[in-house]
Amino acid sequence: MSMIINEVLPTPDALKTVYPLSDKLIALKKERDEEIAKVFRGESDKFLVIVGPCSADREDAVCEYVNRLAPIAEKVKDKVILIPRIYTNKPRTTGDGYKGMLHQPDPEKDPNLLAGIIAIRKMHLRAMEESGLTSADEMLYPENRIYLDDILSYEAVGARSVENQQHRLVASSADIPIGMKNPTSGDFSVMLNSVTAGQHSHRFIYRGLDITTSGNPLTHVILRGGVDKYGKNMPNYHYEDLARLMETYQKKDLANPAAIIDANHSNSDKKFKEQIRIVSEVMHSRNYNPEVKKLVKGVMVESYLVEGRQEICENMEYGKSITDPCLGFEDTERLIYDIAEKC
């Protein structure tokens, strides 16, 4: 095989031993997990806002961002639950480009997977410790999720992964909400088939073990828009899309019907400022129809310290995205307060 072994990596258990959660953080995660789970079970009418950079590229900027979210989270906690988006893996359509902090803890240097798995765990732990908030990440590589499974309170399976059998089966082993994005085609049936798989029990091989999962009743959908056969964006956050999703859900025997609306990606055509308008429309749709309100549990917003994006270079601007363009922090703060008023 044309494959070179660069290094034997530590097991997740070994890494957790070196970088463990304190008793305080274990209790924090338990409390946050239950608060978030109640939203998906319909036991709480709080609204979820999963917000943060497109990709977490450096610990200091990401932790500053999350720390600035913390006082806002406290102000809106009666109505809104903020979940920092700390995405350490970045899917690439062609396979080229920056693949996230797990691959490159320093975007300007060569990939280093050992340094990467240490860096992402340390960053997530620091963000928890300093802010009192537990975070979300993407399940891009199912075998890697257990390096962080004791830390995360939310995970998403991306549009390019949602049809993959391993992602679906591993989602069935999680005890936190797992959001299944619609594929890039926009197909609702593919997305809901993935939710069905995630909610059921399965037996399969995982990291060299024969395992059986219990199924995850908190598996749900994320609408992120799609593209047609000509590559044109097809948003799916409009009221008609939400009504169609509601009808499609009703035909399925699924626990805890729920949707998160991703305000960026193909919903915004990556025009990051559009996220403000899109979230406003989603809130209007929820308030127009009580059944839609019951279904739509939250939104996902890409945001960083500085708005826009930049190329990787020698003199990068601190706190500005190096992947998809993001809202700046000031706009994000106003948006969160607006959500709290309307939800």
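Before moving on, here are some points about what is shown:
- Residues located in the range 101-115, provided they are closer than 18 Å to E143 by Cα, over 19 Å from the mean Cα position of the chain (by Cα) and in contact (Cβ under 8 Å) with a residue 24 or more places away in the chain: L113, L114
- First in the range 189-215 and at positive phi and surrounded by fewer than 18 Cβ atoms within 10 Å (Cβ to Cβ), second anywhere and outside any loop (DSSP other than H, G, I, E, B) and of a type in the set (D, E, K, R), Cβ under 7 Å, 6 or more apart: R207/E143
- Verdict on V51 being surrounded by 18 or more Cβ atoms within 10 Å (Cβ to Cβ), under 15 Å from the mean Cα position of the chain (by Cα) and at negative phi: yes
- Condition check for R224: in contact with a strand residue (DSSP E or B) (Cβ under 6 Å, 6 or more places away or on another chain), within 22 Å of L48 (Cβ to Cβ), among the basic types (K, R) and modelled with pLDDT of 95 or more: yes
- Scanning the range 254-277 for residues that are buried (at least 23 other Cβ atoms within 10 Å of the Cβ) and among the β-branched types (V, I, T) yields I260, I261.
- Strands (runs of 3 or more DSSP E) completely within the range 119-202 that count 1 or more residues being closer than 19 Å to K30 by Cβ and either among the aromatic types (F, W, Y) or at pLDDT below 95 (or both): 154-157
- For the range 34-49, the criterion of being within 14 Å of I151 (Cβ to Cβ), not in a helix (DSSP H, G or I) and not acidic (D, E) is met by no residue.
- Check on D269, at pLDDT below 95, assigned to a loop (DSSP other than H, G, I, E, B) and either more than 23 Å from the chain's Cα centre (by Cα) or within 23 Å of T219 (Cα to Cα) (or both): no
- Within the range 1-23, the set of residues being part of a helix (DSSP H, G or I) and either more than 25 Å from the chain's Cα centre (by Cα) or without any contact (Cβ under 8 Å) to a residue 12 or more places away in the chain (or both) comprises D13, A14, T17, V18, D23.
- The requirement of being free of Cβ contacts under 8 Å to residues at least 12 places away in the same chain and either on the phi < 0 side of the Ramachandran plot or not in a strand (DSSP E or B) (or both) is not satisfied by N256.
- Among the residues of the range 229-253, those that are out of contact with any Leu (no Cβ under 8 Å at 6 or more places or on another chain) and either surrounded by 15 or more Cβ atoms within 10 Å (Cβ to Cβ) or in contact (Cβ under 8 Å) with a residue 40 or more places away in the chain (or both) comprise N233, M234, P235, H238, Y239, A243, R244.
The values are calculated or read from the model by the stated rules, or taken from the named source; none is laboratory data. From a predicted model like this one, the values you see are computed outputs, not experimental measurements. No Cβ is skipped: glycine too gets one built from the backbone with ideal geometry, and neighbour counts run over all protein chains shown.
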